[in-house]
Amino acid sequence: MSSEVVKAADFTEEFDFSEELLIEIMKRLPVKYILRCRSVQKSWLRFPEEMDDGFRHMSGGNVVSVYDTCNGLICLSYNRMQEKVFLWNPALRVFNVLPDSPIPDPVPVRIIRPDSTSQKKNKKNKKIIPRDYLIPPHDPTTLGLAFGYLAKTNDYKIIKYEECSFEVSVYVYTLSTDSWKTVKKLGRCPCYKLSNSVFVNGVAYWVASMDNSRESEKAIVCFDMEKDTIREILLPPPYSKNNVGSDVLVQKSNFGELLSLFYFDRSTYILHIWVLENAGEPNEAWTKKKSLNFKPTWWPMGFRNNSEIVLKDCRNFLSYDYEKNEAGDIFYDDSMYPFCQDVNRFEETLVLLDVNRQA
C-alpha cells in the first residue's frame, strides 16, 4: 500500500498588507479586537493610536453627573460642586482625571459704615467711612459644562461655567495640553443654571434658566470653542418673549449638522421641533420642521440615528417615529427613570488609549 506524504503548509510566509488596507480592515473591527492586534508584531503596538490621528476608528456611594458624550468619550463628575471631572472611555475601560480648574480670585467688596470714634463724639453727625475688603471665594458651583471635539485643531475641549461668591467665570480645558485657562469673567450673572449641553460644529449650546423654578424664563447660551466667544440666542419668535410654562431642550438635529430645539407646550401637549440655520452668520434664523401631538406623559429626550425620537413615558422609554406617527417600547427600567433626562449617540473610540488608569 502506498502512502502519501502531505507537505505541511508553510505559514511562515509574510503577507504584505499596505497600511491603507490595514486601516480599512481595522475600521470594521470592534475596539477590543484592535487592542488584541497590538500583540501581533512590534510595528502594530502603537498602530491603533496612530490610526486616523487617534480619532474615532469607526464611523460609528456618590451620585455621578454625566455631562456630555463625544466620539465615544464620556465627560462626567461626582456632582455639580467642585468635584473632579473625568473623561471616560468605556470601550477601552480607561479614564483620565482632569486637573482642577483655576481658583477664583477673592471678591472685592466695599462696605460703608459709620466710624465708631465719630459716633461716640457726636451721634447726630456720623462720619461715614467706606472700607474695602477682599472676601475669600466660597466653594465654586458648576452651572454648566460642555464637552466636544474641534476638528480644525483635532483636539477635545471642555467648557465650564462656574459660580463662586456670586461671580460667574468661564474656563476651557484642552485635552492635548491637559490644562485649563480662564477665558471670560462674566461678573454677576442673572443665569441660575444651565441645562445639559449639545455640541454642534464647534459650538456648545445650553438652555439657560433665569431662576430655579420650572416657570423660569429661558434663553439659549452658546460658546464658540474656536473663537472662545460667548453669546445669547433668543428662542424662536413665538416663544422668545413668553416661554414660561413650557419645556425646552436642545439637541443635535437629524436634519443635518444643525442645532435642533424641542419646544414642548404643556398647555396643548404639542412638541414643536425647530432648527437653527446659518448659525453665527448675519442671516442666522430659526426654521420650524415639525409640530407633533404628544401625550401629557411624554417627554422628548433626543434623536436616534433615523427619523425617531426617544421619549420618556412614566417608567417606559419609547421610540417615536415622527414620519409614521408610531411609538414603540425600547425598554422599561424603574431604576433609571429618575436619573435619565436626555440621550446622546455613542460610538467606540481609541482616544485615551495611552492612559494607564483602568476603569
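The numbers here are math on the coordinates, done by the rules we state, and not lab data. Fair warning: this is a prediction, and the values are worked out from it, not measured in the lab. Cβ: placed from backbone, ideal geometry, glycine included. Neighbour counts: every protein chain shown.
Just want the ordering: Cys314, Cys222, from fewest to most Cβ atoms lying within 10 Å of their own Cβ.
So the ranking, lowest neighbour count to highest, is Cys314, Cys222.
What net charge do the residues around Trp299 carry, taking every other residue with its C-beta under 9 Å from that of Trp299, with Lys and Arg at +1 and Asp and Glu at -1?
Its environment carries a net charge of -1.
Which of the pairs Lys152/Lys252; Lys84/Lys252; Lys227/Lys289; Lys160/Lys295; Lys288/Lys324 have their Cα atoms more than 25 Å apart in this structure?
Flagged as over cut-off: Lys84/Lys252; Lys227/Lys289; Lys160/Lys295.
Starting from the Cα of Glu257, step 7 Å along the direction of its Cβ; do the same at Thr141; then give the gap between the two resulting points in nm.
Computed distance between label sites Glu257 and Thr141 equals 3.7 nm.
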